[in-house]
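Read-outs: derived from the displayed coordinates by stated rules, not from any lab. All of these numbers come straight from a predicted model, not from anything done at the bench. Positions of Cβ are backbone-derived with ideal geometry, glycine not excepted, and every protein chain shown enters the neighbour counts.
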Amino acid sequence: MLRLFSVSVIASVAASSATIAGAGEVLDRITERGYISLVGLPDWYPYSYLDENGNYAGFDVDVANEVAKRLGVEPRRFDSILTWEQETSGHWNGAIDASIGSMTPTAKRGENLDFPVIYTYAVGSLAVNKNNTEINTPADASGKRFGVLKAANYELYLRHELTGIEKSPPVTYVIDDAVIVTYDTESAPWDELEKWPDSEIDATINYLPVLMGEIQKGRSLRIVGQPLYYVPQAVAIEPGDPELAARLTEIIDAMHADGTLTGLSMKWFGIDLTRIP
């Protein structure tokens with residue numbers, strides 16, 4: 001399933017909620033209709049994926065479900081509404097209410113989105129086809145062809161633009177002059193790397209638990225070296241609703257304090273990624 005943009009869905013939602021989206025009343029909208037609207041991501045295990053019964057599962061799914069529960073509403077996910085590039089760019093026009101999808105709060109994204117609270121950290125790692133003997137350290141990948149999800153922090157890292165992030169350890173760039181090939185889905189680079197040495201890319205970057213999960217499922221991947229970077233992952237909302245920002249912050253802070261987030265991290269990752277390892 002591809003995460004594609006649906007013009008008809010966005011147009012209809014925007015038309016029905018145009019008077020609401022910019023009025024700072026998103027929390028009221030969520031409460032009144034009884035659900036929080038989110039984007040569904042079906043192919044990013046263990047963060048968000050469709051299980052054998054066609055239901056969403058994963059760390060971000062569990063986090064969002066618990067947030068919805070504490071808001072007193074149901075979570076509702078919509079496939080094919082926004083690409084990741086559109087989700088990180090803001091201007092949702094009421095299509096979704098929030099992003100609880102491991103978004104890195106960069107300064108650029110902060111021009112159109114608010115990031116009220118951090119709930120976990122991500123570990124960016126380099127991977128190649130397991131039969132690739134040319135890349136054995138991250139530095140070996142300088143000048144190589146990288147396939148990554150468009151507008152993800154993997155691309156920002158390769159462009160040396162992973163900057164302006166609060167509560168983030170310094171990022172050291174060890175890969176220079178990368179040739180970047182972008183894709184619309186998380187899984188497309190892995191599919192392409194399966195074709196190596198006849199693939200259009202030599203390497204990819206993704207989160208360490210994701211790469212480990214793909215390897216466990218039989219992908220011909222090999223993780224190279226130590227993690228490239230650690231970055232916070234935040235809940236994202238459109239600007240203009242301080243009440244929603246405050247309520248989400250209150251809920252996530254409580255989930256940190258009562259151990260819920262640590263428990264979910266241990267469940268899905270086997271390590272506590274609610275803080276920098």
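Some points to look at:
- Proximal charge balance of Ile165 [Cβ under 12 Å; K/R count +1, D/E count -1]: +1
- Candidate lysines - alpha carbon under 30 Å from Lys195, same-chain residues fewer than 8 apart omitted: Lys130, Lys144, Lys150, Lys217
- DSSP bridge orientation in the chain - percent antiparallel, rounded to nearest 5: 65 percent
- Neighbourhood charge, 14 Å Cβ-Cβ cut-off, centred on Gly259 and excluding it, Lys, Arg +1 and Asp, Glu -1: -3
- Amide H within-cut-off set for Leu221, under 5 Å, with H built and near neighbours excluded: Lys130
- Relative to the current alpha-carbon distance between Asn53 and Lys130, full extension at 0.36 nm per residue lengthens the span by 24.6 nm.
- Charge dipole magnitude, Cβ of K and R +1, D and E -1 - the chain, Cα centre, debye nearest 20: 300 debye
- Its Cα gyration tensor gives the chain an equivalent ellipsoid, and the semi-axes of that ellipsoid, as √(5λ) in whole Å with the largest first, are 32, 20, 18.
- Peptides 49-57, 69-77, ordered by how many other C-beta atoms sit within 10 Å of their residues on average, highest first, read 69-77, 49-57.
- Highest to lowest packing among 256-269, 79-92, scored as the average C-beta count within 10 Å: 79-92, 256-269
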